[in-house]
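S.K.: Got a structure for you, questions after.
The values are calculated or read from the model by the stated rules, or taken from the named source; none is laboratory data. Everything quoted here is computed from the prediction, not taken from an experiment. Using ideal geometry, Cβ is built from the backbone for each residue, glycine included, and neighbour counts are taken over all protein chains shown. Protein only, heavy atoms only, side chains kept; ligands, DNA and RNA dropped before computing areas. Shrake-Rupley method; radii C 1.70, N 1.55, O 1.52, S 1.80 Å.
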Amino acid sequence: MTLRNASSPKILIVDDEPANLRVLRQVLQHDYRLSFARSGQAALELVAKERPDLILLDIMMPEMTGLEVCKRLKADPEYSHIPIIFVTALQDSVDEAQGFEIGAVDYIVKPVVPSTVLARVKTHISLVRAEALHETQIDLIQRLGRAAEYKDNETGLHVQRMSHYSKIIAMAYGFDKTAADELMMAAPMHDIGKIGIPDRILLKPGKLSDEEYAEMKKHAEIGAEILANSHSRLIQLAHSVALSHHEKWDGSGYPRGLKGEDIPIEGRIVAIADVFDALTSERPYKKAWSVEDALEFIKSQSGKHFDPALPPLIEQELPEILAIKAQLSEQGVATEKFAETAATEA
């Protein structure tokens, strides 16, 4: 038997019958931190105060039913992620269907069987933890990607923009939403290997010598080494992107000189998204190109640098790409921060 502690998952049990609360308490108290509510309104107040990891919710309660409580929580972005298991004596399949429709993840039928309660709760708590771990992984990937860009005289907004562009292009290419989202999450790590490049080269204001450029090109393999041998599908995707986003369609890229469809599609997509944002962004060493000039250059590199299937997709999706560019522009963010500061000081 596991004894609960301060890090144990927190469960809110909601039932208007004290006897039912006692039964569930007896079943769960050794493994979880528990709180209790005897009405729908009290449940909503406790959720706002304590943010449980899981809710066991009776359906038939006076004044506010469990179905109404569930609807309210699922309608609020602050609490919609909390899994809700209905605990009810109702056997009607219509009620069960309605519960799933409004967002419940499971049902437990009264009178409860302790082993069933423990198994269902354990399953959904595991899912909560897995989702939290996935979110942490994504956050870490994005932060490490931004760290590499800041070291390279870039801004963190570059990795955000090109990641969104990568998703848009991937969707247009035929990726489903899940795959496109994963590419967007992995793309920020494309230049993580620059962390391993000496500052005298990375921050040099002038043109690199041949020897310095050869050293700079090592960042693709350094990034791949940093991300190698992970069991995470997302890190594996980031590894592929880091290693392949400087390969070119005609085989003249690096580090492996891959050609055509031998280059992973995720690397091909990130390459064109990265170049488009780099061309259209102002940097200390260059002015921003116009969108028109950037598109002309990209078209001129079709079949050379870029997969010929991709330049037309940038033009096709240009309105959405430019909307992201405007939303995540350095000037726009600076203006927003100034407005926030001014409002605070006022």
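S.K.: Check I192, I201 and return the single one that is within 25 Å of I321 (Cα to Cα) and not charged (D, E, K, R). Spell out how you get there, then give the answer.
M.R.: Numbers: I201 fails: within 25 Å of I321 (Cα to Cα).
Just one listed residue meets the conditions, I192.
S.K.: Here are some residues: K299, K286. Which one is charged (D, E, K, R) and at pLDDT 95 or above? Break it down into steps so the answer makes sense when it comes.
M.R.: Numbers: K286 fails: at pLDDT 95 or above.
K299 is the lone residue from the list that is charged (D, E, K, R) and at pLDDT 95 or above.
Condition check ((1) among the charged types (D, E, K, R); (2) more than 30 Å from the chain's Cα centre (by Cα); (3) open to solvent by 70 Å² or more (accessible area, probe 1.4 Å)) across all residues:
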{"site": "P9", "(1), (2), (3)": "no, no, no"}
{"site": "V14", "(1), (2), (3)": "no, yes, no"}
{"site": "P18", "(1), (2), (3)": "no, yes, no"}
{"site": "R22", "(1), (2), (3)": "yes, yes, yes"}
{"site": "R25", "(1), (2), (3)": "yes, yes, yes"}
{"site": "R33", "(1), (2), (3)": "yes, no, yes"}
{"site": "S39", "(1), (2), (3)": "no, yes, no"}
{"site": "A42", "(1), (2), (3)": "no, yes, no"}
{"site": "L57", "(1), (2), (3)": "no, no, no"}
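S.K.: While we're here: Determine whether the range 222-236 contains at least one residue that is in contact with a Pro (Cβ under 9 Å, 6 or more places away or on another chain) and within 26 Å of L322 (Cα to Cα). Quick ask: steps written out before the conclusion?
M.R.: Initially, the range 222-236 is screened for residues in contact with a Pro (Cβ under 9 Å, 6 or more places away or on another chain), giving 224.
From the residues that got through so far, the ones that are within 26 Å of L322 (Cα to Cα) too are none.
Looking through the range 222-236, none of the residues is in contact with a Pro (Cβ under 9 Å, 6 or more places away or on another chain) and within 26 Å of L322 (Cα to Cα).
Conditions tested, residue by residue: (1) assigned to a loop (DSSP other than H, G, I, E, B); (2) in contact (Cβ under 8 Å) with a residue 40 or more places away in the chain; (3) of a type outside the set (A, V, I, L, M, F, W, C); (4) in contact with a Lys or Arg (Cβ under 6 Å, 6 or more places away or on another chain).
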{"site": "E45", "(1), (2), (3), (4)": "no, no, yes, no"}
{"site": "A48", "(1), (2), (3), (4)": "no, no, no, no"}
{"site": "L56", "(1), (2), (3), (4)": "no, yes, no, no"}
{"site": "P62", "(1), (2), (3), (4)": "yes, yes, yes, no"}
{"site": "C70", "(1), (2), (3), (4)": "no, no, no, no"}
{"site": "S80", "(1), (2), (3), (4)": "yes, no, yes, yes"}
{"site": "F86", "(1), (2), (3), (4)": "no, no, no, no"}
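S.K.: Sort out which residues of the range 289-308 are out of contact with any helix residue (DSSP H, G or I) (no Cβ under 6 Å at 6 or more places or on another chain), under 14 Å from I265 (Cα atoms) and crowded, with 16+ Cβ neighbours inside 10 Å, and write them in order of number.
M.R.: Residue satisfying the conditions is H305 alone.
S.K.: Mind listing just one residue for me: the one in the range 163-178 that is modelled with pLDDT under 95 and touching a helix residue (DSSP H, G or I) at 6+ places or on another chain (Cβ under 9 Å) and, of those, most open to solvent (accessible area, probe 1.4 Å)?
M.R.: Here the answer is K177.
S.K.: Going by what's in this entry, would G193 be described as surrounded by 18 or more Cβ atoms within 10 Å (Cβ to Cβ) and assigned to a loop (DSSP other than H, G, I, E, B)? Talk me through it step by step, then tell me what you get.
M.R.: Values: surrounded by 18 or more Cβ atoms within 10 Å (Cβ to Cβ): yes; assigned to a loop (DSSP other than H, G, I, E, B): no.
Answer is no for this residue.
S.K.: Taking the range 196-224, which residues are assigned to a loop (DSSP other than H, G, I, E, B) and either touching a strand residue (DSSP E or B) at 6+ places or on another chain (Cβ under 9 Å) or at pLDDT 95 or above (or both)? Outline the logic, then answer.
M.R.: Initially, the range 196-224 is screened for residues assigned to a loop (DSSP other than H, G, I, E, B), giving 197-198, 203-209, 217-218.
Of everything in the range 196-224, those that are assigned to a loop (DSSP other than H, G, I, E, B) and either touching a strand residue (DSSP E or B) at 6+ places or on another chain (Cβ under 9 Å) or at pLDDT 95 or above (or both) turn out to be K217, K218.
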